[in-house]
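Here's the structure we're looking at; comments come further down.
Readers should treat all values here as calculations from the given coordinates under stated rules, not as data from a laboratory. Because the structure is a prediction, the values reported are computed rather than measured. Cβ sites come from the backbone with ideal geometry, for glycine too, and all protein chains shown count toward neighbours.
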Amino acid sequence: MDFQLSKEHAMARSLFKDFAEKEAKPRAIEVDETEEFPRETVAKMQKFGFMGIPIPKEYGGQGADILTYAMCVEELSKVCGTTGVIVSAHTSLCCDPILTFGTEEQKQKYLVPLAKGEKLGAFGLTEPGAGTDAQGQQTKAVLDGDEWVLNGSKCFITNGKEADVYVIFAVTGKVEKRGKLMKEISAFIVEKGTPGFTFGTKENKMGIRGSSTYELIFQDCRIPKDNLLGQQGKGFNIAMHTLDGGRIGIAAQALGIAEGALERTIAYTKERKQFGRAIAQFQNTQFELANMATKVKAAQLLVYQAAMKKAEYQKDPKVSYSVEAAMAKLYAAEVAMEVTTKAVQLHGGYGYIKEYEIERMMRDAKITEIYEGTSEVQRMVISAALLK
Amino acid sequence: MKIVVCVKQVPDTKGGVRFKPDGTLDRAAMLAIMNPDDKAGLEAALKIKNENPGTTVTVITMGLPKADEVLREALAMGADDAILVTDRVLGGADTWATSSTLAGAIRNLDYDLIITGRQAIDGDTAQVGPQISEHLDIPVISYAENIKIDGDYVIVKRQFEDRYHMLKVKMPCLITALAELGEDMYMTPGGIFDAYQTEVTVWGRKDLKDVPDTDLGLAGSPTKIAKASDRVAKGAGEKVTPDTPKDAVAYIVGKLSEKHVI
C-alpha cells in the first residue's frame, strides 16, 4: 500500500491548486453575494479539460482517473464550494450515466461535447415530493409514436438553468415487485431548448449560492424515443449507480471545504493576537487545530480510497464502490460541517464577517450533508452492506 | 513553423532561497517552478501553434535532472517535444556559459523562432536570450509584449522606456518575452498523464555543437560571485506615535512628500 501521490497526480494537484487560486478564489465572495453562476471560471475549466477529467479520450475527455477528478473538485472547493459542485454535478451526475448507460450514438451526440467542455450537464431526480424516496416520483414519461412525452417537474437541480444537457428521471409505468405495485422509473436525456421544457423558481440558498439551482418544468415536452437512457424501467438502478459516483464528488467537495477552512484558520490563529500572544499559542487552539487536521486527513484518505475503488470498478464492473463512496461522503461531509463550525469559532467575531470567508465555508459545508444522499441515507447504505 | 522555447526551472521565491558554499544557488534544496517570463514565452508559442496549424513547439532547458519537471509541465500545456540538457560539467554556469550551452544544443535543431523569457527570477540578468541570438548569429527582439506571425516575418510590439517599438523581423530570430506576452494557459489533466508517457530527450556535453569546453560550466563562467546572501535585512524602520489621527496623517503626508512620492 502506497500513500504517496504519483508524479502525475502531484502535478495534477498543483494544476488544480494553481487554477483555483488564480481563477476561482478571487470571485468566490462575489459569487456568493450575487448568486451569479461563475461563467468565466467555468468557461476556462471547459477550455482546459476540467469538465471531462475521468471520461475516456475517445469520448472527448481527458482519460484521467477518478482520483484526479476528486482532487480537482477538492482543490476548487478549498476556495469556492460553488465552483467545486459545478464540476461535480456535470461530471458525476451527467457525463457518468451517459458514459455508463448510453448507447454509442448517445455518447457521440451528448457525452463528447459535455466532456470536451462545449456543453454543460445536469441531473434531475429530485422532485418536491421525492427526495430520499425516489419512489415518490410524479414526473411521467409516456411513449407516443417515436417520442416520449414528459410531464412534471424537478426541483433543486444544480447547474439548473446553465446546463445544456439533462439526465432526467420519470415514471414510465407500473411493475409488480415482491407482490407490490411499484412505479417503473426510466432515465432520459433532455436538451435545453426542447419545447415544453422550461425553468421555474431559482432557489435562494444558504450556501453554494452561485450554482444555479433551479426547478425544471416539463409540460408536454416531447423528446425523441432514442433519448431513453439505458433500458426502460432501469431508471432507479441508473440513479443509484450515478449517485454512488456523485458521492465521491461531493465527498471531495466537503473535503476541500474543510481543508480550505483549516488552512485559513491555521494562518489566522498565528496572526491574531490576544493577551499579548498569538492565539495559536494557546493550548485550546492547538488541540482544536490538531483535532481538525486529523479529521481532515482521515476524510481525505476515505475520499481517495473511494476514488481508487471506483477506478477498480471501471476495470472490473464486478467491484462495488458503493459503501466506500457512502463512507467517504458521510465522513467528509460531517467533518466539513464540524471543521468549518470550529473555524468560525476560532476566528471569533471575524469568523462571522463575510469578508473572512469562513462563514461562507460553514454555509457551503452544510449542503454536503444533505444532497446526493443525506448523511442518514449514507448510514443506510453502509449498514445495509454490513447486515446483508 | 518550428518554435523553440527556452525554459528554466527557478526557485519559487515564496519558498525561500538557499545557497551552496561556493555562492551558487542550491537548486536541489528549493521548491521549483517554471520561470514566469519563460512561461509567458511558452504561452505565446502555444498560441501561435493553435493559430497556425502545423506549428511545432520544442521546449529546452538546461539544469539538474529535476528540471525535467518543467519540461513535463510544458508538454502538459501542449508543447510537442522536450529536451533536457544536463551534465555535471555544465553546473555553476553563469549567463555566458548558459547561453553557450543552450546555443550548442539549439544548433542541432531546425527552428524559425526561438522564444526565451526576458529574465529569470533567480538571476534577473536578462542576458541569456540576447546572448543565445549572438551565438547563433540571428536577430534578437527583446522585451516583446505582443507577437504576430506574418508569413516569414514576425511583427513584434517591443516595450521601450517611454514608448513601444513595432518591429517586423524576418525569421529565424529570437524573441525575449515579457510577462504580458503570455495569456493565462494551464496544463490539461489529460496532458499531464500524457506528458509522463512522453520521452524527454536528454543531452549532455557531447551533444552540444560547436561549443568549446572553455565556455561551459563554472569554469567557463567569467562571472565570479563575490558574495551572495539570502535576504538583505531591513532596517528597524521608524516608529512614531502621533497624538491624534490628524497628526498621524500630517506626518505620513509629510514623509511621502519628502520622498517625492506625492
Ranked from fewest to most other Cβ atoms within 10 Å of their own Cβ, B:MET34, B:MET1 fall in the order B:MET1, B:MET34
Computed FRET value (nearest 0.05) for B:THR24 with A:LYS202, which takes r as the C-beta separation and R₀ as 60 Å
0.50
The stretch B:141-199: antiparallel bridges as % of DSSP beta bridges, rounded to 5, reads 85
Simple spin-label estimate for A:VAL142/A:LYS192, 7 Å along Cα→Cβ, in nm, reads 3.0
Qualifying aspartates and glutamates (Cα of each under 17 Å from Cα of A:LYS180; at least 8 residues distant if same chain):
A:ASP133
Footprinting exposure proxy for B:THR198, A:THR242 (fewest neighbouring C-beta atoms within 10 Å first):
B:THR198, A:THR242
Modelling each spin label as a point 7 Å along the Cα-to-Cβ direction, I'd like the A:GLU355/A:GLU312 distance in nm, to one decimal.
5.0
Scaled radius of gyration (Cα, divided by 2.2 N^0.38 Å) that the protein assembly as shown gives:
1.11
For a label point 7 Å from the Cα of B:ASP124 along Cα→C-beta, name the residues of the stretch B:152-195 whose backbone N is under 19 Å from it.
B:161, B:177-180
Separation between Cα centres of the stretch B:118-162 and the stretch A:64-112, rounded to whole Å:
42
Return B:HIS260, A:HIS241, B:HIS165 ranked ascending by Cβ neighbour count within 10 Å, so the fewest neighbours appear first.
B:HIS260, B:HIS165, A:HIS241
Count the DSSP beta bridges whose two residues both fall in the stretch B:6-164, then state the antiparallel fraction as a percent rounded to the nearest 5.
60
Does the stretch B:2-215 classify as rounded, prolate or oblate by the C-alpha gyration tensor (a ≥ b ≥ c root eigenvalues; a/c under 1.5 gives rounded; else a/b over b/c gives prolate, otherwise oblate)?
rounded
Count the DSSP beta bridges whose two residues both fall in the protein assembly as shown, then state the antiparallel fraction as a percent rounded to the nearest 5.
65
So, with +1 on the Cβ of K and R and -1 on the Cβ of D and E, and no other charges, what is the size of the charge dipole of chain A about its Cα centre, to the nearest 20 debye?
620
Sparsely packed chymotrypsin sites (Phe, Trp or Tyr not before Pro) within the stretch B:135-189, loop by DSSP, other Cβ within 10 Å at most 12
B:PHE160
Within the set A:LYS107/A:LYS205; A:LYS22/A:LYS273; B:LYS2/B:LYS170; A:LYS154/A:LYS354, which residue pairs have Cα atoms separated by over 22 Å?
A:LYS107/A:LYS205; A:LYS22/A:LYS273; A:LYS154/A:LYS354
Length gain on complete extension for the stretch B:ASN146 to B:LYS259, per 0.36 nm per residue less the alpha carbon to alpha carbon distance?
37.1 nm
Per-residue ellipticity at 222 nm for chain A, helices alone: DSSP H runs ≥ 4 residues times -39500 (n - 2.57), over residue total, nearest 500 deg cm²/dmol?
-15500 deg cm²/dmol
